[in-house]
Each structure stands twice: as structure tokens, then as C-alpha cells.
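Below is one structure; the comments refer to it alone.
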Amino acid sequence: MTTDIQNTQKREVSDKPEQFDKQDAFLFPQDKKTYRHQYREIYEARAKQLKSRVMKMASMKWKDETINGQKAKYVNKLLDVKSMVPSYVIGTVFMDMKYKPNILQEVTGNIYAAPEFKEDSEYDELERTRIHSYSDPATDQVMLEDDSGRLLLDGELLDKVVLMTGVVVGALGMIVDAGVFTIVDVVYPEPAAQIPRSIEETPEQFVMYLSGFRVNPSGKRAPLEILKEFIMGELVDEENLVSLLKRTTNLVILGSSMEVTAKSQKDLSDKDKYRAKNKSNFDAQSLEILDKWISDLLMSIPVSIMAGETDPAEIEYPKMPFHRSLFRLSSGRKNFERLTNPSWLQINGVRILATSGENINDMFKYMIPNIHVEIGSGIDSPVRREVLYDSRLKLLQSNILWQNIAPTAPDTLPCYPFTGTDPFTLNETPHVYAVGCQPKFETTKLKVARKNGEDLSVRIISVPDFEQTGQCVFMNTKTLECTSVRVVGQ
Amino acid sequence: MSEKRKEHESGAENEVKNEVAEKRSIAKSNDETRAIKRRHTEGQTDRCVGSEIPSHGFKIPVHETFSTKKLHRKLTSKQVDNEPSTFEKELVRMSKLDGKGNAEGEASQEWGRPVLPAIDPAEYDIVFQQLDADETIIDGYSAARFFGVTNEGHSVLCKVVGFRHYFYAPVPKGFGPGDLGEFRRYMEANYQGIVDVKIAKKESIWGFNNNVKLPFFKVVVDNARHIGRVRAGFERGEVQFKGLFQPAGQMTFDNVQYLLRLMIDCHIVGMGWLTAPRGKYELVGAAERESTCQIEIKVSYKDLISHAAEGKWQKTAPLRVMSFDIECSGRKGIFPEPEHDAVIQIANVVSRVGEKVPFVRNVFTVKKCSRIVGSDTFCFDSEREMLMAWRQFVVQVDPDVMIGYNICNFDFPYLLNRAIALGEEKFAYFGRLTRSRQEVKDAVFSSRAYGTRESKTVNIEGRMQLDLFQFIQREYKLRSYSLNAVSSHFLGEQKEDVPHSIITQLQNGTPETRRRLAVYCLKDSYLPLRLMEKLMCLVNYTEMARVTGVPFSFLLSRGQQIKVISQLFRKCLELDIVIPNMKSENVNEEYEGATVISPARGYYDVPIATLDFASLYPSIMMAHNVCYTTLVDRATIDRLQLKENVDYEVSPKGDCFVTAARRLGILPTILKELLSARKKAKKAMKAEKDPFKKQVLNGRQLALKISANSVYGFTGATIGKLPCLAISSSVTAWGRKMIAKTQETVLQKYNIKNGYKYDSLIVYGDTDSVMVRFGYPDMETCFRLGQEAADYVTTKFKAPIKLEFEKVYFPYLLINKKRYAGLWWTQLDHFDKMDTKGIESVRRDNCRLVQNVVTRVLELILEDRDVKSAQEFVRRTIADLLQNRVDLSQLVITKQLSRQDYAAKQPHVELADRMRKRDPGSAPTVGDRVAYVIIKTAGDRNWEKSEDPLYVLENSLPIDTKYYLENQLSKPLIRIFEPILGEHKARDLLTGSHTRTVRVASAKSGGLMRFTRRSNTCRSCKAPIPASQMLCANCRPLSAQFYARDLANLNALQAKFNKLWTQCQRCQGSLHQQVLCTNRDCPIFYMRKKVQKDVLAQASELRNWDAIEW
């Protein structure tokens, strides 16, 4: 089974998975949504799914643990923790942060209590920083809660581990000061099993990850054209690269493929001054460009695409696949796939969990202190740069440790109020976890252990934003090693 | 344990010590360290991730005090998602701060009074602050009981004996000096309780009598009960002696209740300090004690020393203030009734005045309740046990003040009636008198200033009651008086509100659900305490009691007059003056009020100087010696041959008052004292450093100001004790004259003729102020001329009348009489605030939209000086209104449901009736504020169109946007814009292109809608199309655009849905619990409901696209 491509090169094709049960794992079409429930049910489902798994690890790790010479005991309800008694508990983390979005404040300050959706240019500098961070280290509070109540956490350890609203963990510690649980150790849920794959039988083929084209009619088209020609092998002479491209069997586009321009929005609002308020982020021209671009590529390689932050898709996580009519040229093609975001993929037996990065970007706001004093020096201030370009790798790893890829949904990441299930909790540990639209390319291998001693290894990939970096990422499906190639730019 | 392990452990210990040392050294820069650490999200995963790590034997430093500063900051951080998660943290903080809490903050609160050392009455002065006083009878004689607290916090009951009540009656002509003995016998024979009849030289307060004192009978009785009949005997002419008394009866003097009489004669003021000196009082023996006070004494009124509230006697004893709240289980749809519904929780917070943290925080619950850190929970199996334990608690904690929210009308009566229903006889004794049973009585309070209110009162002897609900209703004008609204208004907090029906569910659930209720209950009991501190009610009322001399309890239970009466009697006592007991007659005699200079309406873009008379009416009374005692009639003038303007002055009204040289009036004297005391207090306040003492002084100067101003009102109160229209109408007449004179003087001086660049103009003037346009565009000149003019005009009046230059309005929008807005400047470099009078932004019978729009418009016009933007803003708002984009909470109108005897049908009354038919339980009852919106109906009478906002949301009823535009928005907007744009253009704002698009929500049920069928139309051109399509064939190329628009709408709603519901989770302080709150005063309550419907509707709209190819 081969497809003709230009330059008479032959490109390899991966085996279509025989059985793949997870392509619909994140599919929640509109007709399933009722909006009658509250968000507590997600937390309940999450705790239900993860508590026993945390318990397994906690009882193993802490069964003989002591604090100040006293043996630690498991306490089932947070409110039953007695002071000065070493205890370990399991609960959902909640981070109380000063700069979380606060609609109450917006509404109170607003004229007719309708929160306005501002354009970027309308935000002042402080507001803009707030968009990037929720945290004020002086007042942030980390709490643990279950259905009985909340405990305030404290301890040096909090500076060393990454905790996040919505994460279910076990904590070991003791109440020394009234109402404050000083923690000394933390455990995460037992990782879910991995589907075994046979590395020997897997051919050395490659998956190519891309994200963040941000196509817009006024933007430059050259990078995209160069990229296309690169993928089709027209620009490459170097032998290594030629063979890499030859063996690249799949292209996965991880979100933010289109971007709206300020101009198109203005037009809409001027014509219809007193009418519509919610501006569409749709631009027919960008869509046409993208559709054409993909359909050209489909001649050469299967393309999978997910909707990201700036794409015309729902804001709620998980995002549903693009409407098929949006890609008029590509949609009919068999090797074109519209993915949910997040999404499970299976390529050459490799189980890949991919998102377009909204989950990480939101989590990142919990980690970065809001340094509004220093921001005075403007957009180019060094602090700001550091904030923007800091590494996200640890957050990606944490997702696997927590066994949850979007803990901050629904608290700060909009999601549908699911009942009875939390789609973001992992019931299978992927071989690869790839996240798009990140500031830079990073990759690592994360090792986690199950209770039975089985070691799992997860390949973590932070896929850079193409518009910002001009890079794409190739992943070897046999070794899972990754390389990035700068196609355009410096 | 192996050697190795031991080594390991001790090593760990060392490490810990090092860490501690390090911690100290970096304690200061703790934030920075954390900030830096936080940023390092790179690097290796934590060591504790792997599972194969052996146990270490962790160490947590226990005795090392935590970086308390940091912890304190953490615990008190004012995050905006405030409730009750922060409240729970606040509890933790309190248990840390009171220092006594063990690590769990539990079972450590001691609440008894400090132990009383043995007292030797011969050696020991009892000094206490008097709090509550009442009358009693001891050995057949009237006596007074003063309850108080010593500086050490011991409770005192001081019984004051020996003081006899009395009144005066004039001695008739022809009554010889030898007749007195016989007359006394006559009185004793005919009237019960006569102790003595004496003759004293006194003067009546009424009218100038050339300072001649006349003989009066001082009739002394043993018991306050008897005085009424004796007095009536004189007044009805029943007292007859040798035919000397007029048969028609005669006037009596000095009618004042026993307690006040005693306080006046002994110079005791409310909340003042008293000393029972050693050797003069008697300790009441254990057997005869009637109270639970630690010290119970008896002392003669002659020995009791009262200290004027000056210097060290300004202090406040460590009063115990207890705030509490009860929760009742209810049946579905019925407001709890004590006959049927149990009390399930009582939360208490007790604080000592001046201390930051309440030292008792607890909840009494029926059935087990999980513990709450920082507070005690006392669980009981039965309601009976809980009630009795609570009673015991109150007696032990022995509060001096009991506060709460609506405790007088709800909590106290409910508890007492519930105890009766349970047959628990012993419950109703939690006052300080052991034998006095607490009972509920109905009271009607009627006052011109506060209107008529029915309320319930409970006698709790020895404990002051301060119901914050009553206090706030009395002192503040608010849109709503629910605890939610009040705390959001004063404390800037939204409060979780749990509906009655859910309370029962929570109670019947688990210890955790009961805990949730308990936290809520505790919060409700803590809020009144915070409100009290914030509004400084205790401090201000204390000072008011001290200044006016009345007992504290009078301030809430009585009107304004009693305060003036108390002061008048005190002054009269010094001067041997007696006050006639006038029968109050309801004379509807109107007199002309203050003057208003007709406003020159318009928008002024030059500074307008405002000249005010400082304390106008008091200073008129002082300047012209206006008083009862100086009022003189023509006959007396002729008799004494007084000369006009030398001996007396004629008011513009024609009434005559003698000059100060002839006789200094008593009212001017009181006023002078009040005002000079106020000056002193203000000065002391400036010098004072201690914030608490500063508050006290501020409270005092406020009390003095209010007192001074109420004197004039007292003389004009026609149903009052001592109305005298000659005084009040003369005062206003002088006021009018002065305003006119001021106008004239300013106009004559500041004009082009006199070398000024512009003619000045009096733009407006009201009661005690005039607003002058000098014409100069710069602020500096305006400030200079304003000051100069004020000083100049002052010279034209008698001292102490003073015209003051207070502020400049710039710009200034004068809409009409008593309606204006402007920026208020008192210094040159920046304005202080925006000041509005009589404009919808401060009125409360409008919907919030009007308020918000008016405020914003004024901001745009006055602050930004951008009339164009203001117009544009109005247009956009109107468009939003007509297209149903305004949030429902903005359209809610509230009105209080008073007794239902309205003649005309009113929207809120009709709605309450309709709601009662739907569900009698949730319907508003008399006294509630009814919230409604106006909807479109077949009829057009307003009372038919009101509807419950929730019902509107649930049934998608269409809002009558036209009503809101025409009846709510248009008038205030036209009023504002007319002076600026002119009538025509202002009207244009309300019509035009922005009003052409109208969207109406279509009702789901009712009326014609049942017979209609919706046909599918093209989303673009509205052509009818088959049901499965979204666009017609012609428009199909636009599919993607229309799809994206639907998507954008959905996204906006989804984001809103998420923000709203997570906000409520944060507010309730839990992710795992259901959001139950039904706080209708919260700005996002209706929004939250609405978005649920909207997002669903939009999602189904989007779903229609799924099957469509384009």
C-alpha cells in the first residue's frame, strides 16, 4: 500500500492499528450535554477513580513511616485528623490564588453586569500579566479537601513538589499548628497499566508533530509553503533527512492552526454596531488556505488535526473535532482525520496521548508568581521573558504522575460538567504524551513504577509552536526518540 | 532497632536543626524565596515520586514557633473568593491569636468571668460602668437597678435606694405659709403614697417672666406607680383645698419617668462610670440575691458618685458582646414555626470590647456534627438538651450585650416559644435576674423620623440588646436589609445563602452536612459582630448615651425626643426651672420650612463655590437667644416696658424673644455647650493616637452634632412633649432671611461694576447653603473668592452665625431642586469625590440598571468630560436592553411588602399573592422585600406584569423591555441630558437606529404559544426551509460563517457558565459539595441560573449543524 508522491520518492506507510478502542475517548458531542449538573460531580468521579490508586501507593510507601518517632496512621476523612498525630490522608488539592479569574468582581465593577470580552489591546499592563498568572506567592494557599472539608497545607515540601488544583494525592504529615497540616511527603496515584508493545517488531518509522501555524490572511504565507515543500521532500538534500522524511508515516497537527486577525473583527462590529456582541473567531480565508495546504499534503501523507486554542472550535475541554464541512477539500479524503483535543492515537502500536496545550498553559499560570512590580519595564522586560519561555516539561511529567491531564478543569479551564466520569483521569498510561503549542521543544523519558514493581516508561514531548519557532518534531516509533528540525527561521 | 537506623535518625535530627536555623535566617525573605522556587519548574522530578524509598522517620519541629507572621498573613489574606473558606481560615486564625487554643483549636475556650476576689465593703470602692438600668420596687419604695461591669471585668448589680419620685405643681394664689401642713395632711388622706409636700421656688420654662421665681409644690411620692394618680388629681381639678385651686384643674410640671428622674438628679448618664464608695454600700447576702452578677450591692442615691465622661472616665469596661444565630428545621414550603419546627443549631461568638479576636466561638447542635477547626462544637442528642445547655452557656458566659441579626423579632421569640412548645419551663431564664422570666411582648414603635414599626421585645434584664438589623434599618437607607445585602454593602463580601428547605436536608444528613450548616450558622453569628465593629454602633451609641444622658436601651427603643428631653431636664435642674406637662395635641399646624433659591438649571463648566452656614439652626438659636424661656408676648412687653432690639428682638415671623442681657435662654446654653464640646472632641480626636480612643472621640463628636441639630426639631415636633411653633417657625424664618441676605450681599459685591471680570450668579441655594458662580474659569480664583465671600458675608450676621466656604463643584450639573451632581473639590490639586443628590444613582426604588447607567453616565460627563461617550454609552445600553442582553439581576426591582391595605393594586403586592398561590412556603411575607421584574403580558396594567425573576428564568418569559426603557431609564436620562444637550437632542437619545432591533424571548407555555408551531427558517435570509436545513440554497455558501457565529456564541456562554459555577464553588469553599446558595442579592445569582438555560439552548442550536454538509 503506497501512495504516489512527487519527486518519485516512495514514502512508507504505517500499519493501521487492528483494534483501537480509544479514538472516541474524548468524544462528547453536543447531544450528550444537558448542563443540568454541577461541577462537583467531576471532582467526585475523579476522587472515586483515583483514591484507591493513591491508597495503594500510600499504604506501600508509608506503612512503616514515622514522624518524630511516632508511627503514621491513615485517616479516612480529612476532618478526623487529630492534632499532633502523624497521619496520612488522601484528598483533592485546591489552590486558593489571588489572581484567578473572578467573575464576581468583574460583574460588580461592570455596568450592566455582563462581563465584556476584551480584545488583547484593551487590557492594561497589569491585566495582561494576570492573564499569564494566577499566583501571588505571599498569599497563595494550598489546601487538601475531600467531601468532609478542607485542610490547609504547609511545609517546605510545598516548594519542591508540583501540586495543582484538582489533583488527587496522598499527603503525609501532622497538624502542629491549629488547622494547618504540615506535610513532609506526598504520593500520587498508582499509574494505570500500559498496553504492552513489542519494540522488536516495530519498524523504525516516524511521526511528525506540528502545532501553532496560526494561519491568518494578513500573515506571511512563505513559512507554510516552505514547510509543505519540506514535508514533501522537495527542499531536502541531506541524506539523513531524506531518509527521515521517507520513513515519516504520519503528520499530527496539535492545534492553533488558524488565527483571527483584529481587522476581521472590527469589520463585523462596525457594520452591526448595536447587534451581535460575541464575535466569531472565524475567518473564511484562513480556513481556505489551511484546507488547501492540508489537501496538498494528503497526496503524500496522512494528516490528523485537532482544534486548539485559536481555532474555530468549542472553548470547553475536551474540544470536539472540527466540523467536517470546514475542510471542504480535505474532509472527503481517507487519510485525513479530525481529532478531539485531547486525543488518543495509535501508530505502529505506540499509544499516543496528545493535547494542543490548553491544559498545560492553564496549569502554568499556577506556577508563575505574578510579579506586577517588575513588569513596569514593559513587554520586553526580562522577567516577562522568563515567564513566557520557562520550561513546561515538569508540568507534562506531572500530568502522568497525577494520572490526570487536565486537573485544573473545571476550576480555571472551562469544561463541561461531566457526571459519573472524569474524562481527564487516565485509565491507561500512554507510551507517549505529546503536548502542542509550547514555547520550546523539549523531550524526556519519564519512569514511573506500579505497585507490583513493574516500571513504565513514558515519552514526554513538548511540541513547539511553529509560528514562534519554525520547528517541527519527529518521533521514532521504535525507540520513541525525538528530534526537532527547524524548517524556517533563524 | 538497628544501630544503623539509630544513626540515621539522629542524623535526620541534626538536619532538621540546621534547617530550622536556616529557616530563621531566611524568614524575612520568605516570599522571595518561594517566588524564586516556584519559577523553577524545570529539573528533576521529586525524589518522592518513585515508590522504592525506605521509610525515613520524618521530623517536624514542634516547639519551634512557626513563622507566625507568614502564617498570619496566609490565614488572613483577603482573597476575593472570600466565603466561608476564608471564614474557616479566619476561625483558625482566631484560635491562633487568642493563644489559648491547643493545636486543634478546640475545647480550650474559657468563658467564665474572672474570679472575684473577696471584697470588704469597708475597704473597697466598687467602680463600674453602668450599662443597663431599670426600675424596681424595694421594700415598697421605687428604686433603680443599675447593671454594670468593673474595669476588671466583674459584673455588678447596684441597687440604688432612697430616691423618691416627685413632680411640681404651682402654689395657688392665696395659699398661705401656714397652710402647708394642712395641705400635706389633706394630700396624704386623699392619695396613696404621698411622702411629702414641700414648697420650692421655681420658674416655668415657658415664656419670659422677668426672671421671677414662683413658689411650687414639690409633691413627693413613695412609688412611681402612685405618681400618675396624684398628678391627675391636680390636672383634673380633683385636688381642692380651701377653694384655692381652680376647679378646671391646673398644669403640673416635670413629668418624667422615675428612672430618668433619678439619673438626672444624680447626674448619672447612660454608659457612664459610677462609684459606690467604701463604707457606704452594703453587699447583698447570698440568700437575698436576685441576680447572677458577681457583685450585688445596695447603695443610697446620696452616696453614689457619678463620674462625668471625661479623661479617664471615657474608657469602656471590658464588655462582653455575644452574637448568636439560630437555625431551625422547616417543613417544605412553610416558614419555620416554633410550635412545630425544631431549633437545630445555635452558633455563638463572644468578644470583649477592644479585643481583636472573639474569645468564644462555638456551635450547639442537635445530633453529631464534625468538628470545625477554631471553634467548639457541642453536640446533643435532643433539642431539649441543646436548648438547656445553651441557656446554661449564656448564664455562664454572662454577656453584657447580646447582638445578632434580627434577633429581636426572630431568634429570641423563636427560642422562647419553642421552649414553651417543648414544655421546657426553665429555659426562659437567661437574663441576669434569676427570678425574672424572659417573655415576648409586642411593641409598636412610632416616630416621625423612623415611621411606625411593629416589633417584638424580650425582657432580658441586665443585658443590653443590639439588633444589628434594627440598627441598620434605623441608620442607613439601603436597597435591601438582608444580611447578605448588608454584609456585601458594608464588608464587601458576598455570603452564601442556604435556603430553608435545604437546611432540613443538611440536618438529616451526616455529621459532615451538619458541619456545613454549622459553619454557615457560625458565619451568620460572626457577621453581626463584624458589622458592629465596622459601623462602630456600640462606640457611637455609647457616646450618644453619654452625651444625652439616656440609658443605652432607649436609643434603639425610643425616638429622638427623649434625648433632647433628658438634656433639657438636666439643664433645668441646675437653673431651678420646671417644665410643664403639656398634653400633646395633634395640631396639624404647618409652618413654612426652609427656603430654596430656584435653581438656574444647567451644566456648568466653571467652578461653582459652595458657601454653607455651619450648624445653621443651632447658631440662629444662639445668635438670637431663641428659647422657651425668652419667648415673650406683647402683654409682658408692655407690662415690663421692654424696648425692641435692646431688651427683645422680633423674629421675621413676628415672635419676640428677649435678649441675652435680659435672660440667657436655656436652649442656646445647651447648644453652646454641645457645640463647644464638639469642638473639643474634634480637637482631641486630632491629637489622639490610639485608634480605639479616636473612634470614641469621633463617636462623641457625631453624637454632639446630632444632638445639637435635634434641638430645633424637638421644638417643632407637634406631637411632642414641648412643641413650640413660635420657636421653630421663627428659626426657619431667620434661616430664609439669611439665605436671601447672603444672595444679595454676594451679588452686590461680586460684579463687573466693582471691578470683577464677571457678574456672579447664585446658581442654587438650599436651606443652609448657596452655590455661587463667580465666573472665573480657574480653581484658584474660585477658592480665593469663595473664602473671601464667606468671610465677608459672615460679618453681616450676628455671632456665632458663620458662613463657611466648604467646597467647589466643578463641573456641576444642576438638574432641579435637590437634584444635582458634580465633582467635589476641597483642595486645588484633585477632586475628592463625585457628589450626587436626588439622582437615581442613589435612589433605591429603581432597578440596578438605572443606577449603574446613571452612575456611569455621570462619570463620563463629569470625570471624563466626554459627553459624546456618554451618549454613545446610553445608546449601547438601550440597544442591549432591547435585545435582551442585559442580565436579569439588573432589572430586578424590590419593594417592601408592608401591611396589605393598599388602596390601589401594586405590582409587588399582586405578585406576592400570585406566589402564595403557587407555593405558600416560598412566597414573601409582610416585611419582606419583594423582588420582581416586569414582563410582557396581554394586559398593560403594571400590577399584572410583575413576576418573580426565578419564575421568569424558568419559563423564559419575555421581559417588557419597553417598560424599562420608558418607565425606568428614560426619565433620569432625560433629566441628566436635558441641561446639556437641550430638550430635543436629549429625547433623540431614546430613539434612533439603536432602538430598532428588538429581541423578545418567546414564552414556552401559556397563552397563544400553545397553538403555535415554529417553522424552520434560513438563518441568514429568514426564508422558510425544510426542518433539517440551516440555510436556504442561496445562502449556503455562507454556511461556515454562520456556523462560526453560532460557535462563538456558544463559546461565550460556555466560558460564562464555567466562570460562574466555579466562582460559586470558590465562594462556598468546597469543590466536592453541591452549590446550594440562593442568595438573591448576589449579582451572579440570576446569571448563574440563566446561563444554564442559555448554554443549553445554544448547544442545541449548534447541534443542528452537525448533520449538515456544506
* Asked: Is region B:256-384 best put as rounded, prolate or oblate by its Cα gyration tensor, with a ≥ b ≥ c the root eigenvalues, rounded for a/c under 1.5, and otherwise prolate when a/b is larger than b/c, oblate when not?
  -> prolate
* Asked: Which pairs break 19 Å Cα to Cα here: A:LYS77/A:LYS160; B:LYS643/B:LYS796; B:LYS315/B:LYS689; B:LYS159/B:LYS280; A:LYS292/A:LYS334?
  -> A:LYS77/A:LYS160; B:LYS643/B:LYS796
* Computed accessible area, B:ARG856, all protein chains, 1.4 angstrom probe, square angstrom -> 70
* If we count every other residue with Cβ under 9 angstrom of B:PHE805's Cβ, Lys/Arg +1 and Asp/Glu -1, where does the sum land? -> -4
* Calculate the translational D of region B:121-318 in whole µm² s⁻¹ from Stokes-Einstein, where the hydrodynamic radius comes from the Kirkwood formula applied to all Cα pairs, the temperature is 20 °C and the viscosity 1.002 mPa s. => 114
* Violating pairs (Cα-Cα greater than 25 angstrom) within the set B:LYS213/B:LYS563; B:LYS741/B:LYS802; A:LYS48/A:LYS73; B:LYS201/B:LYS672; B:LYS202/B:LYS682 -> B:LYS213/B:LYS563; B:LYS201/B:LYS672; B:LYS202/B:LYS682
* Asked: How big is the B-A contact in terms of buried accessible area, both chains counted, 1.4 Å probe, rounded to the nearest 100 Å²?
  -> 11000
* Asked: Quick one: if you take sqrt(5λ) for each eigenvalue of the C-alpha gyration tensor of region B:230-311, what semi-axes come out, biggest first, whole angstrom?
  -> 39, 18, 11
* Asked: What full-extension length gain, to one decimal in nm, is calculated for B:ASP265 and B:ARG1103 as 0.36 nm per residue of separation minus the Cα-Cα distance?
  -> 293.2 nm
* For the pair B:LEU640 and B:LYS753, what calculated FRET efficiency results from E = 1/(1 + (r/R0)^6), where r is the Cβ-Cβ distance and R0 = 45 Å, to the nearest 0.05? -> 0.40
* Asked: Packing-wise, with mean Cβ within 10 Å as the measure, how do B:703-711, A:431-439, A:230-238 rank, highest first?
  -> A:431-439, B:703-711, A:230-238
* Quick one: order B:LYS694, A:LYS334 from most to least accessible surface, probe 1.4 Å. => A:LYS334, B:LYS694
* With all protein chains present and a 1.4 Å probe, how do A:THR421, B:THR718 order by accessible area, largest first? -> A:THR421, B:THR718
* To do: Could you work out the mean count of beta carbons from other protein chains within 10 Å of each residue's beta carbon in A:308-318?
  => 3
* Might you report the magnitude of the Cβ-based charge dipole of region A:382-490 about its Cα centre, with Lys and Arg at +1 and Asp and Glu at -1, to the nearest 20 debye? => 300
* Asked: Count the lysine pairs in region B:805-875 that are 8 or more places apart or on different chains: how many have C-alpha atoms under 19 angstrom apart?
  -> 6
* Structure fact -> Using the Cα gyration tensor of region B:320-535, the equivalent ellipsoid's semi-axes, largest first and to the nearest Å, work out to 24, 21, 19
* Among B:PHE163, B:ASN255, B:PRO121 the positive-end extreme of the charge dipole of region B:121-318 (Cβ point charges) -> B:ASN255
* To do: For region B:185-244 and region B:265-327, write down the distance between their C-alpha centroids in whole Å.
  => 33
* Which stretch or stretches of region B:1040-1073 have amide N atoms under 12 Å from the point lying 7 Å from A:ASP291's Cα along the Cα→Cβ direction? -> B:1040-1041
* With a Förster radius of 45 Å, plug the Cβ-Cβ distance of B:LYS741 and B:SER306 into 1/(1 + (r/R0)^6) and report the FRET value to the nearest 0.05. => 0.50
* Evaluate the distance, in nm, between pseudo-label points positioned 7 Å from the Cα of B:ALA614 and of A:SER198 along their respective Cα→Cβ axes. => 10.1
* **Contact order normalised by residue count of chain B, Cα under 8 Å, 6+ apart, percent** => 10
* Asked: Excluding B:PRO599 itself, what net charge comes from residues whose Cβ is under 10 Å from its Cβ, given Lys and Arg +1 and Asp and Glu -1?
  -> +3
* To do: Take the Cβ-Cβ distance between B:GLN250 and B:GLU673 as r, set R0 to 22 Å, and report the resulting FRET efficiency rounded to the nearest 0.05.
  => 0.10
* On average, how many beta carbons from a partner chain sit within 10 Å of the beta carbon of a residue in A:186-198? -> 1
* **region B:1015-1105, Cα convex hull volume normalised per residue, Å³** => 119
* Amide H within-cut-off set for B:ASP303, under 5 Å, with H built and near neighbours excluded -> none
* Which of B:PHE335, B:LEU664, B:ASN1079 sits farthest toward the positive end of the charge dipole of chain B, with +1 on the Cβ of Lys and Arg and -1 on the Cβ of Asp and Glu? -> B:ASN1079
* Asked: Put +1 on the Cβ of each Lys and Arg and -1 on the Cβ of each Asp and Glu in chain B; which of B:ILE562, B:VAL892, B:VAL498 then has its Cα farthest toward the positive end of the dipole?
  -> B:VAL892
* Solvent-accessible surface (1.4 angstrom probe) belonging to A:TRP293, in square angstrom, nearest 10 -> 0
* To do: Could you state how much accessible area B:TRP1110 has, in square angstrom rounded to the nearest 10, with a 1.4 Å probe and all protein chains kept in place?
  => 50
* Overall form of region B:728-786 per C-alpha gyration tensor (a/c, 1.5; a/b vs b/c) -> prolate
* Once the convex hull of the C-alpha atoms of chain B is built, how many Å³ does it hold per residue, rounded to a whole number? -> 266
* Structure fact -> For peptide B:1036-1045, the mean count of other chain Cβ atoms within 10 Å per residue Cβ is 5
* Asked: What distance in nm separates the simple spin-label points at B:VAL998 and A:THR421, each placed 7 Å from Cα in the Cβ direction?
  -> 4.7
* Please list B:VAL212, B:VAL646 in order of solvent-accessible area, largest first, computed with a 1.4 Å probe with all protein chains present. => B:VAL646, B:VAL212
* Asked: What is the Cα centroid distance between region A:163-234 and region B:1069-1092, reported in whole angstrom?
  -> 34
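The values are calculated or read from the model by the stated rules, or taken from the named source; none is laboratory data. Computed from a predicted structure; not experimentally measured. FYI the Cβ positions are ideal-geometry reconstructions off the backbone, even for glycines, and counts take in every protein chain you see. Protein only, heavy atoms only, side chains kept; ligands, DNA and RNA dropped before computing areas. Shrake-Rupley method; radii C 1.70, N 1.55, O 1.52, S 1.80 Å.
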